[in-house]
Ligand code: NDP
């Protein structure tokens, strides 16, 4: 094996058993969460009714997984967005420097695409006088769409795994036709590499599959699912409750912040380090839209009036969380661009510096803390009748802890002594004075 693509020796997630368990377990979780939140399920507290959980209203597995209409709409949605993503002009930005010394160009057109998306929604609203049959269809067939998205993400991961073995059409920065593989996804075991992602940046022509999946089909479908739940509540109860409106507004804000600031994603671990396999394709295309929209789906059948005081409190939590998340990420980005030279830092042997001042003196991942706090504000509008709607912050805490652990291992190896010094200066990992 050449130096460009070293063989992966340390397997994550306890290797094959862990990868298999996650690949089967998380899609099952998506279906279970859907079942616990559908209109027919009457759940209180922690009691779970197994009969209702497995009640698919007479639909067989093949009717759920291979519904022709759902597949058609899903494929139109995915490839329609691919088309818009590639033809809408944007600003060309360079990604980080890759192992072969080159960097990829990305067409950043999130603002243009978001404007078009909002315009299309408004036009449909106008044309259908608010009846929006596509939102009704989406709400009524959410389970089918969930299963279709899971199957599609598995197939997409298989597709990129197969293409990762093909030589490049041109040559890479080392003058060979070898693709750059992810350091963690080149174990030689098919199942493991399919899960983690073998190729670092799979592309078809200028279309970057990883960045696209990260920001377009899943994030915008999450927005549509929330709107479909709000629409359902309106049709069912003749009004939209303040809790539903708040969840929609807070999450729409986060979604558009991600889609509009896509340039910031170019330095995220998912883009710079992780391969694109089932872990990311499933996360982006299935887990994000179908489980992050759970609060709105729950409120669609359990409307709740919050009142001004509680709304004020939730907005306060959202603001503080978002401010920490945004300000800390911005500070690190600006520092890495050499814009904040007055801040204290530690020189590494790689001629880069580790920031240990400002937000980054409080904890090693203060941005995770802000993100988690902000996510809490999405759960609070659902009240305290069921723990179900708090699933998201539990899952997200697990995701961020795992990410912190992976990043720590990476940085320890990459920065050696400088990282040890950094850990002494900034001992807390995520929450200042707690952890
Ligand atoms: P970070 O933004 O914390 O980036 C970690 C990397 O930054 C390290 O690998 C290292 O990279 C560099 N770094 C770490 N510490 C320092 C320092 N003190 N000074 C300078 N550089 C440093 O992590 P992520 O990329 O994981 O996350 C980015 C954002 O995305 C976070 O706010 C997170 O909350 C959010 N996120 C949200 C998710 C969601 O589902 N909503 C999922 C995942 C992330 P290098 O090797 O280049 O030096």
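The values are calculated or read from the model by the stated rules, or taken from the named source; none is laboratory data. Note that the structure is a prediction, hence the values are computed from the model and not measured. Note: ideal-geometry Cβ built from the backbone for every residue, glycine included; neighbour counts use all protein chains shown.
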Exercise for the section: Of the conditions (1) within 30 Å of residue 300 (Cα to Cα); (2) modelled with pLDDT under 95; (3) part of a helix (DSSP H, G or I), residue 371 clears all except one; give me its number. Expected result: (2)
Practice task
Taking the options 211, 287, 223, name whichever one is more than 23 Å from residue 377 (Cα to Cα), within 16 Å of the ligand (Cβ to nearest atom) and in the same structural domain as residue 78 (by TED's automatic domain parsing).
Solution key: 211
Practice task
Would you check if residue 103 is touching a strand residue (DSSP E or B) at 6+ places or on another chain (Cβ under 8 Å) and at pLDDT below 95?
Solution key: yes
Exercise for the section: Take region 349-363 and flag every residue that is closer than 9 Å to residue 432 by Cα and crowded, with 21+ Cβ neighbours inside 10 Å. Expected result: 363
Problem - Selected residue (only one of 413, 423 is in a helix (DSSP H, G or I), at pLDDT 95 or above, surrounded by fewer than 20 Cβ atoms within 10 Å (Cβ to Cβ) and within 11 Å of the ligand (Cβ to nearest atom)) - result: 423
Completion exercise
residue 399 vs (1) buried (at least 18 other Cβ atoms within 10 Å of the Cβ); (2) under 26 Å from the mean Cα position of the chain (by Cα): all pass except (1)
Handout entry: Complete set of residues in region 285-311 that are free of Cβ contacts under 8 Å to residues at least 24 places away in the same chain and within 19 Å of residue 372 (Cα to Cα)
Key = none
Exercise for the section: Test each condition in (1) under 18 Å from the mean Cα position of the chain (by Cα); (2) more than 9 Å from the ligand (Cβ to nearest atom); (3) buried (at least 19 other Cβ atoms within 10 Å of the Cβ) for residue 382 and report the one that comes out false. Expected result: (1)
Exercise for the section: Filter region 2-28 down to the residues that are under 20 Å from the mean Cα position of the chain (by Cα) and modelled with pLDDT under 95, then identify the one that is surrounded by the fewest Cβ atoms within 10 Å (Cβ to Cβ). Expected result: 13
Exercise for the section: Identify, by number, the condition in (1) in a loop (DSSP other than H, G, I, E, B); (2) more than 19 Å from the chain's Cα centre (by Cα) that residue 191 doesn't meet. Expected result: (1)
Exercise for the section: Of the numbered conditions (1) at pLDDT below 95; (2) near the ligand (Cβ under 9 Å from one of its atoms); (3) surrounded by 20 or more Cβ atoms within 10 Å (Cβ to Cβ), residue 389 fails exactly one; give the number of that condition. Expected result: (2)
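Let's see how each residue does on (1) in a helix (DSSP H, G or I); (2) more than 13 Å from the ligand (Cβ to nearest atom); (3) more than 29 Å from residue 412 (Cβ to Cβ); (4) over 23 Å from the mean Cα position of the chain (by Cα):
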residue	(1), (2), (3), (4)
275	no, yes, no, no
283	yes, no, no, no
305	no, yes, yes, yes
321	yes, no, no, no
328	yes, no, no, no
335	yes, no, no, yes
343	no, no, no, yes
351	no, no, no, yes
Practice task
Return a yes/no flag: does region 160-175 have any residue that is surrounded by fewer than 22 Cβ atoms within 10 Å (Cβ to Cβ) and part of a helix (DSSP H, G or I).
Solution key: yes
